[in-house]
Amino acid sequence: MKRIVCLISGRGSNLAAILRTAESERWATEIPAAVVAVISNRADAAGLAVAAAHGVPAAVLEHQSFASREQFDARLAEAIEAHRADLVVLAGFMRVLGGAFVNRFCGRLVNVHPSLLPAFPGLATHRRALAAGVRVHGATVHFVSGDVDGGAIIAQAALGVLPEDNEETLAARVLQREHVLLPRCVRWLCEGRVALQNGRVVTRDLAADHLALLG
Ligand code: GAR
């Protein structure tokens, strides 16, 4: 059984998408995978209620309570290891993780980001995409490396930017795509169909599913 730990900071809609998909696709029986814990770095994260609604144990580890990034990272790593995690999913986790943490979970740490990386790493991605005038935008799921929003790309979902789009409408359409993209990637990782080898993504029997995802 692949044990998944999700890290969140806020709303938790990507967490909800993973948990809904896991339930509707009967992951625990159809594929050996289960979300065993949720950890938030914010006590007020709405995603904590999402975890509770799905019966997944959730914990809060507030980064403000720690004197340094390294101390927070170390405690977070311990909490994750206590759940014997095979895969750690950053599902709207808005805290930069240091090099020691990233190295410790190398190859089993993935993130969803609301842009077509390497375009628009960091914050305010939709506003920046609109300001740049791009006509295609989207979301990326990638392995986490030492560079913020860097790391080998697993899959992306693209959509057209409409002339009448504003930050809210664009964010909403990208988020819908994230909710399909992230659970698919998590499933592929748990099935052993995607892995990180020597800094590169390797896949097995993924072509048809990947094309279906691209639409
Ligand atoms: C999502 O749009 C996710 O891509 C983004 O935060 C949002 C979290 O929403 N993550 C990042 O920007 C990471 N760099 P959610 O809490 O509803 O899943």
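Taken together, the values in this text are just the output of simple stated rules run on the coordinates, not laboratory data. Computed from a predicted structure; not experimentally measured. All Cβ positions, glycine included, derive from the backbone under ideal geometry; neighbour counts span all protein chains shown.
Below are the figures for this structure:
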{"quantity": "Mean Cβ neighbour count within 10 Å, used as a protection proxy, ranking 69-80, 6-17 highest first", "calculated": "6-17, 69-80"}
{"quantity": "Dipole moment magnitude, nearest 20 debye, region 93-215 about Cα centre, only Lys, Arg, Asp, Glu C-beta charged", "calculated": "340"}
{"quantity": "Column: log10 I(q)/I(0), Debye, Cα scatterers of the chain, q = 0.10, 0.17 Å⁻¹", "calculated": "-0.41, -1.25"}
{"quantity": "Percent of beta bridges antiparallel (DSSP, the chain, rounded to nearest 5)", "calculated": "45"}
{"quantity": "Cα centroid separation, region 150-194 to region 100-123 (Å)", "calculated": "13"}
{"quantity": "Karplus-derived HN-Hα couplings along region 78-87 (A = 6.51, B = -1.76, C = 1.60, θ = phi - 60°), whole Hz, x at Gly and Pro", "calculated": "4, 4, 5, 5, 4, 8, 6, 6, 8, 9"}
{"quantity": "Approximate spin-label separation VAL148-ALA43, in nm, with each point projected 7 Å along Cα-to-Cβ", "calculated": "2.6"}
{"quantity": "FRET efficiency for ASP209 and ALA158, using Cβ-Cβ distance with R0 set to 22 Å, rounded to 0.05", "calculated": "0.85"}
{"quantity": "Assigned charges on the beta-carbon of Lys, Arg, Asp, Glu; the chain dipole about Cα centre (debye)", "calculated": "240"}
{"quantity": "Counted charge near ASN111, where neighbours are those whose Cβ lies closer than 14 Å (Asp, Glu -1; Lys, Arg +1)", "calculated": "-1"}
{"quantity": "Listed peptides 50-61, 174-185 by packing density, highest first (mean Cβ within 10 Å)", "calculated": "174-185, 50-61"}
{"quantity": "Relative contact order (percent, whole number), the chain, Cα cutoff 8 Å, 6+ residue spacing", "calculated": "19"}
